[in-house]
Amino acid sequence: MKVLIVDDSEQNRHLLRALLESESYQCETAFNGPEALEQLRHGEFDLVITGVLMPEMDGFQLCYHIKTNERFRAIPVVFYTATYVDSNDARLVLSLGAEDCILKPTQPAEFLDSVRQIMARVRANGSRSIMPLPAADEVKYLREYSTRLVRKLEAKVREAEEANRRLGELNATLDERVQEQTAQLQAANRELEAFSYSLSHDMRAPLRAIQSYASILLGDLGPEISAEGRSSADKIISSAQRLDRLIRDVLALSRLSYQTIRIQPQNVDALLRQILSERPEFQEPQADVRIKGFLPPVFGQETLLTQCLTNLLGNAVKFVNRGSKPHVRIFSERRDDKVRIVVEDRGIGIDTHEQQRLFQLFQQNHPNVEYEGTGVGLAIVRRAVERMQGRVGVESEPGKGSRFWVELKVANALIENQPANSASRGR
Amino acid sequence: MKTNLPILQVEDDDHDVFFLAHAFKKAAITNPVQVVHDGQEAIDYLSGKGRFSDRSKFPLPCLIILDLKMPRRTGMEVLAWLRQESDLPPLPVIVFSSSAHRDDVDRAFVLGANAFVSKPSSVEERIRFAKSVKEFWLYFNEIQEALLHAVR
C-alpha cells in the first residue's frame, strides 16, 4: 500500500514516514499542496495523509482539489493535525470528502490503528466523496471555510505569542539570575580584597616594628653588646624580613587570582630592558645578563608580565655556584602564533624529579640558606602566565643550568613607545 | 628662624611614637614633641579643653604630625575640624599614614593637609624623614614666626 505524506515540517514528514514504513507501508512525501498534486499525477497512491496549515495551498484546499478531480477522487484523504480541532472543523473536513481527522499528538500505536481502521472502512465502503454543494450554499461554505482557517491561524499565532512570552520571561529571569550571581561574586571579590589589604597591614606592621627595634638595638647599643648578642639581633632582622617577603609574595599571588585584568599587546622587549636597567643585581659587575635579538610583542598585562620576568631573572641570578658570576641569556622563539620567551642560565640546574613540582606553592628545592627564597616566586609566575592565557615550563640539567620559558600569544599590533629609529634621532 | 614651639604627634600606636621620637633624637630635633593618642584628644589639645586648658604648658604646635587610622575620631575628622570649624591659624599638618591609598591621599589634601607621608618602615628611612622635617618645616619654613604672631 502506498501513502503520500503531506506536511510542511520536515520533522513531521520524517516521523510519519518512519512510522508507516515500519508497518510496511510504502511512502512518498510532499511539503505542500501543489507538490502533493504533482506527486499524485505521477504515481498511484492508496492514501493521502496531510496537515492543515501549509504554505501556498493548505490541507483543506488540497483535499478539495483531490476530491473534485476525476482521477484522484477515489483516494482517501486523512488529516493529521494539532489539537485545536473542534467539532466544526471535523464537520468541514468531512464535507470536503476526507475520511477522518487524526489529532496530534498521538501515540504511534494509536496512529497506526487509526490508519488501519480508516483503510478497512474504505475497503468496505469505498472512499468518501465531497458533498455536492448547492450553488446557494457556496458563499456560506466559503465563509465557513475561511472562518475555520482564520481560527486555526489565530490559534497558531496565540501559541507562538505564548511561546514568545515564556521565552521572554525565561530570558528576563536568566538576566536577573546572572546579575545576581555576578553581584555575589563581585561582593566576594571585594571582601577578599579588603581582607588581603588589612592582612597586609595588620601582619606587616608588627613585623616592621620587630625589625626596627632590632636595628635600633644594633645601631644604638651595638658596641655595648656581645658578638653573640649582635648576631642574634641580626637573625631577628633577617627572619622578620623573610616573613615580610613571604607575606608580600602570598598577597601578590592571591591578588593575581582575583584581580580583573585586560590582556593587551605588550612591548616585552622594552619592558625587559627597563627591568634590567632598574636592578643592580641584573647588571655588571654583579651579573652578566643579556638579551639576544629582539623580543616580539606579546598579548599580556604589564604588571603580570613584569612579575613573571622579575621572578625568572631573580632565580636565574640567584641559583649559581657560590662565588661564580651569574650568566643569563634571554631570547625568544617563535612557535606558530605564540612566542616563547626563554631565560637561560648556567647555574646549578634542577634535577628532573624536582622539575615536576617546581611551579607549585612552597616547593623550595634548596633548603640551603644560601638559596633562600619564599617558595612562592614560581607559583606567581605560573598563575600570572595562566591568567595571560599562556604556558610556562622548564628544561634543566643539574650542574649545567636551566632554561625557563614563558609562552604567550604573539601580538602583531603596533606597539607604542617603540625605540625611535635612527632617522628621527638627533635632529 | 628657630623657635621652640612643640610638634604635636597624633598617633595611637606606641611603637610609632617611640620610633618617631628615636628618629627625632637622631636628627637632633630639639622641639618638644607632644603626643596625643586619638583624634578627639588632638581636638581637645588644639582647642585647649580639659586637661589641655593651660596654654603655657600646652602651647599651640608649629607642626602637626597626624595619623589617619585612630579610635574615637580619625585623622580625617581632625583635619576637617581644624580647617573648617576651629578658629585656629592654619597650622601645618603632615598626614603620616601607614597606607598611601589614592583615595586617602586625595581626601587629605582636599581637607587641607600640607603634606602626605607614608610611614617609613626602616630606621634609616625614618631618620631621613626626621632630618627633612627639621630642615624644611622647622628651619626654612617661615610658619613658626607667622604663628607666633597669630597666637599672640
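The values are calculated or read from the model by the stated rules, or taken from the named source; none is laboratory data. Given the structure is predicted, the values throughout are model-derived calculations rather than measurements. All Cβ positions, even for glycine, are placed from backbone atoms using ideal geometry, and neighbour counts span all protein chains on display. SASA here: full protein model, heavy atoms, side chains in, ligands and nucleic acids out. Shrake-Rupley method; radii C 1.70, N 1.55, O 1.52, S 1.80 Å.
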Failed condition for A:Leu276, given (1) in contact with a Phe, Trp or Tyr (Cβ under 9 Å, 6 or more places away or on another chain); (2) open to solvent by 40 Å² or more (accessible area, probe 1.4 Å); (3) without any contact (Cβ under 8 Å) to a residue 40 or more places away in the chain: (2)
The range A:300-347: number of residues that are in contact with a Phe, Trp or Tyr (Cβ under 9 Å, 6 or more places away or on another chain) and not polar (S, T, N, Q): 17
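Run down A:Val385, A:Val381, A:Val394, A:Val406 and say which single residue is modelled with pLDDT of 50 or more, outside any helix (DSSP H, G or I) and surrounded by 21 or more Cβ atoms within 10 Å (Cβ to Cβ).
Numbers: A:Val385 fails: outside any helix (DSSP H, G or I); A:Val381 fails: outside any helix (DSSP H, G or I); A:Val394 fails: surrounded by 21 or more Cβ atoms within 10 Å (Cβ to Cβ).
Every option except A:Val406 fails the conditions.
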Residue match in the range A:204-214 (condition: open to solvent by 60 Å² or more (accessible area, probe 1.4 Å) and away from chain B (no Cβ under 14 Å)): no
Residue identified as among the aliphatic types (A, V, I, L, M) and open to solvent by less than 10 Å² (accessible area, probe 1.4 Å) among B:Ile29, B:Ile64: B:Ile64
Failed item in (1) closer than 29 Å to A:Ala160 by Cβ; (2) at pLDDT 90 or above; (3) in contact with an Asp or Glu (Cβ under 9 Å, 6 or more places away or on another chain), with A:Val48 passing the rest: (3)
In the range A:294-340, residue surrounded by the fewest Cβ atoms within 10 Å (Cβ to Cβ) [restricted to those that are touching a residue at least 60 places away in the same chain (Cβ under 8 Å) and of a type in the set (Val, Ile, Thr)]: A:Val339
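Can we say A:Ser239 is away from chain B (no Cβ under 14 Å), of a type in the set (Ser, Thr, Tyr) and touching a residue at least 40 places away in the same chain (Cβ under 8 Å)?
Values: away from chain B (no Cβ under 14 Å): yes; of a type in the set (Ser, Thr, Tyr): yes; touching a residue at least 40 places away in the same chain (Cβ under 8 Å): no.
Spelling it out, it is not the case that A:Ser239 is away from chain B (no Cβ under 14 Å), of a type in the set (Ser, Thr, Tyr) and touching a residue at least 40 places away in the same chain (Cβ under 8 Å).
Of the residues A:Arg123, A:Arg128, which is more than 30 Å from A:Arg255 (Cβ to Cβ), assigned by TED's automatic domain parsing to the domain that holds A:Gly51 and in contact with a helix residue (DSSP H, G or I) (Cβ under 8 Å, 6 or more places away or on another chain)? Give the derivation first.
On the way: A:Arg123 fails: in contact with a helix residue (DSSP H, G or I) (Cβ under 8 Å, 6 or more places away or on another chain).
Of the residues listed, the single one that is more than 30 Å from A:Arg255 (Cβ to Cβ), assigned by TED's automatic domain parsing to the domain that holds A:Gly51 and in contact with a helix residue (DSSP H, G or I) (Cβ under 8 Å, 6 or more places away or on another chain) is A:Arg128.
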Residue list for the range A:252-272, filter: at pLDDT 85 or above and surrounded by 15 or more Cβ atoms within 10 Å (Cβ to Cβ): A:Ile263, A:Pro265, A:Gln266, A:Asn267, A:Val268, A:Asp269, A:Ala270, A:Leu271, A:Leu272
Filtered residue count, the range A:350-360, keeping only those that are buried (at least 16 other Cβ atoms within 10 Å of the Cβ) and either at pLDDT 80 or above or assigned to a loop (DSSP other than H, G, I, E, B) (or both): 3
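Restrict the check to the range A:166-189 and report whether at least one residue is touching a residue at least 60 places away in the same chain (Cβ under 8 Å), farther than 30 Å from A:Ile66 by Cβ and either open to solvent by less than 90 Å² (accessible area, probe 1.4 Å) or in a loop (DSSP other than H, G, I, E, B) (or both).
yes
Give the residue that is nearest to the chain's Cα centre (by Cα), with candidates limited to residues of the range B:82-124 that are of a type in the set (Val, Ile, Thr) and either within 14 Å of chain A (Cβ to nearest Cβ) or open to solvent by 60 Å² or more (accessible area, probe 1.4 Å) (or both). Outline the logic, then answer.
Of the range B:82-124, the ones of a type in the set (Val, Ile, Thr) are B:93-95, B:105, B:110, B:117, B:123.
Pick out the ones that are also either within 14 Å of chain A (Cβ to nearest Cβ) or open to solvent by 60 Å² or more (accessible area, probe 1.4 Å) (or both) and you get B:110, B:123.
On the way: B:Val110: 17, B:Val123: 20 Å.
Among residues in the range B:82-124 that are of a type in the set (Val, Ile, Thr) and either within 14 Å of chain A (Cβ to nearest Cβ) or open to solvent by 60 Å² or more (accessible area, probe 1.4 Å) (or both), the one nearest to the chain's Cα centre (by Cα) is B:Val110.
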